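The values are calculated or read from the model by the stated rules, or taken from the named source; none is laboratory data. Since this is a predicted model, take the numbers as computed values, not measurements. Neighbour counts run over all protein chains shown; Cβ positions are idealised from the backbone, glycine included. With ligands, DNA and RNA removed, areas are computed over all heavy atoms of the protein, side chains included. Shrake-Rupley method; radii C 1.70, N 1.55, O 1.52, S 1.80 Å.
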Amino acid sequence: MEKIIVESDALGIIKRIKNWNNKYEIHYNIKTKKFMLYLFENEFKPSVYCLTYPFESIDERMIDYTLKSEIQNRKAYLKEIEESNALLLKKEQKKILNEMENCLSDSKRNN
């Protein structure tokens, strides 16, 4: 087995990270000697990799690193949503303009 799920630590760092999101799991990769953050979906799906900590031990920096990563991911996700919404709005506006032009053309032909 290459990875071990770390359930707790003497400083309570894992518990504090899990308080932020109770679906988080901290894994220790024996081969690379690195700690990694995963998001546990359910028992039927494998955990989703989130990040690898650049630290060799469990300490306070892991909390800051996790929160910083979470905030950056949320900002990127919100930006993606905003861009998608803007594209949908443009498509809808174009559709409405085309419908209006078709109505005007039809009314001119009928007169």
Problem - Helix-derived mean residue ellipticity, 222 nm - over the chain, DSSP H n ≥ 4, -39500 (n - 2.57), to 500 - result: -19000 deg cm²/dmol
Exercise for the section: Would you mind telling me which residue in 95, 75, 33 has the biggest mean-square fluctuation in a Gaussian network model of the chain, where springs connect alpha carbons within a distance under 10 angstrom? Expected result: 95
Completion exercise
Neighbours of residue 83 by Cβ distance under 14 Å: Lys/Arg at +1, Asp/Glu at -1, summed charge +2
Handout entry: Within the accessible area of the chain (1.4 Å probe), percent carbon and sulfur
Key = 56
Handout entry: Per residue value of the accessible surface for the chain (all protein chains in place, 1.4 Å probe), Å²
Key = 80
Problem - With all protein chains modelled, accessible area of residue 106 [1.4 Å, Å²] - result: 70
Practice task
Match the structure shown to one of the listed values (i) 13.5, 45; (ii) 24.7, 85; (iii) 15.4, 53 of Rg and Dmax of the Cα atoms in Å, computed from it, and give that label.
Solution key: (ii)
Practice task
With springs only between Cα atoms under 10 Å apart, run a GNM on the chain and tell me which of 80, 70, 43 wobbles the most.
Solution key: 43
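Highest first, please rank the peptides 97-105, 49-57 by the mean number of other Cβ atoms sitting within 10 Å of their residues.
49-57, 97-105
So how do 35, 44 rank on accessible area, 1.4 Å probe, biggest first, that is with the largest at the start?
Reading off the accessible areas and sorting them downward yields 44, 35.
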Handout entry: Percentage relative contact order, the chain, counting C-alpha pairs under 8 Å, at least six apart
Key = 16
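Quick one: of 45/95; 23/91; 31/68, which pairs are farther than 32 Å apart, Cα to Cα?
45/95; 23/91
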Handout entry: Rounded accessible area of residue 78 (nearest 10 Å², 1.4 Å probe)
Key = 100
